[in-house]
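Student: Quick one: the structure is below, and I'll ask about it shortly.
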Amino acid sequence: MYHATLVTAPAAEPISTADAKAHCRVTIATVEDTYIDALVKAARTHVEKAYGLALITQTWDMYMQDWPAGDSFHLRLPPLQSVTSIKYTNTDATEAEFSSTLYHVDIAKEPGRVMLAYGQSWPSVTLKTLNPIVVRLVAGYGAAGSAVPADIILAMKFLIRHWYDNRTAVETGVGIAAIEIPQTFHMLMDGYERRGLY
């Protein structure tokens, strides 16, 4: 089982204030900008958590309890851009880095994976009890929203518009559950199954 912590957050959001305002049909100058920016961030966070994705370039530390039994392991926060380092700590609290010459990083697969180089093996030291292996990785479609798939961007816009128009849950009728997320969002996100670290 993996868990992870965010090291470097995205430097930008996938949708600009202007684009979000245009989709929400907001024409006033700046009065609603802060609120709309908060909705954009909330929509990105929802997509990333619900579908296990990284949209804009970000850095994470992924913690592992043991080396894999086989010759590879997945990094479940697609799309993977790179692996910065793999470090491990033994029972004497000595930290070492697993050399990048000893493994390959597969960014073509989703989720990405780390595979041992031919003839290599994982370190045989006795690991410390808690979170001994830390993989630092960079994930995301790119540094700008233009790199994010268009269907994800559109799904986010529908979600932002829904939240902007309905600041409480939408009642659909007596005895019918309130709508929190529009069906259009789910249809656009169909196929982006949850694979993430959350």
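Student: What about Tyr63, is it surrounded by fewer than 18 Cβ atoms within 10 Å (Cβ to Cβ) and of a type outside the set (A, V, I, L, M)?
Tutor: Here the answer is yes, as Tyr63 does meet what is asked.
Student: Considering only region 133-167, state which residues are surrounded by fewer than 21 Cβ atoms within 10 Å (Cβ to Cβ) and either closer than 30 Å to Gln65 by Cα or of a type in the set (Ser, Thr, Tyr) (or both).
Tutor: Within region 133-167, Val134, Arg136, Val138, Tyr141, Gly142, Ser146, Tyr164 meet the criteria.
Student: Tell me which residues, restricted to region 91-104, are under 18 Å from Ala69 (Cα atoms), under 25 Å from the mean Cα position of the chain (by Cα) and surrounded by fewer than 17 Cβ atoms within 10 Å (Cβ to Cβ).
Tutor: His104
Student: Considering only region 57-89, state which residues are farther than 30 Å from Ala12 by Cβ, part of a loop (DSSP other than H, G, I, E, B) and of a type in the set (S, T, N, Q).
Tutor: Within region 57-89, Gln65 is the sole residue that qualifies.
Conditions tested, residue by residue: (1) among the aliphatic types (A, V, I, L, M); (2) closer than 19 Å to Phe73 by Cβ; (3) at pLDDT 95 or above; (4) in contact with a Phe, Trp or Tyr (Cβ under 9 Å, 6 or more places away or on another chain).
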site	(1), (2), (3), (4)
Pro111	no, yes, no, no
Leu116	yes, yes, yes, yes
Lys128	no, yes, no, yes
Val138	yes, yes, yes, yes
Asp151	no, no, yes, yes
Val170	yes, no, no, no
Gln183	no, no, no, no
His186	no, no, no, no
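Student: Only residues that are outside any helix (DSSP H, G or I) and either in contact with a strand residue (DSSP E or B) (Cβ under 6 Å, 6 or more places away or on another chain) or not aliphatic (A, V, I, L, M) (or both): list them for region 13-43, please.
Tutor: Of everything in region 13-43, those that are outside any helix (DSSP H, G or I) and either in contact with a strand residue (DSSP E or B) (Cβ under 6 Å, 6 or more places away or on another chain) or not aliphatic (A, V, I, L, M) (or both) turn out to be Glu13, Pro14, Ser16, Arg25, Thr27, Thr30, Glu32.
Student: Name the single residue that is farthest from Val47 (Cα to Cα) among those in region 188-198 being at pLDDT 85 or above and surrounded by 15 or more Cβ atoms within 10 Å (Cβ to Cβ).
Tutor: Going through the qualifying residues, I end up with Leu188.
Student: Do the conditions hold for Lys41, that is, is it of a type in the set (Lys, Arg), outside the structural domain of Glu110 (by TED's automatic domain parsing), in contact (Cβ under 8 Å) with a residue 60 or more places away in the chain and farther than 15 Å from Asn166 by Cα?
Tutor: So Lys41 fails the test.
Student: Of all the residues that make up region 90-132, how many are part of a loop (DSSP other than H, G, I, E, B) and on the phi < 0 side of the Ramachandran plot?
Tutor: So the answer is 23.
Student: Which residues, taken from region 44-54, are under 14 Å from Tyr192 (Cβ atoms) and assigned to a helix (DSSP H, G or I)? Talk me through it step by step, then tell me what you get.
Tutor: Within region 44-54, the subset under 14 Å from Tyr192 (Cβ atoms) is 44, 46-54.
Those that are under 14 Å from Tyr192 (Cβ atoms) and assigned to a helix (DSSP H, G or I): Arg44, His46, Val47, Glu48, Lys49, Ala50, Tyr51.
The values are calculated or read from the model by the stated rules, or taken from the named source; none is laboratory data. Quick caveat: nothing in here was measured; it's all calculated off a predicted structure. Virtual Cβ from ideal backbone geometry, glycine too; neighbours counted across all protein chains shown.
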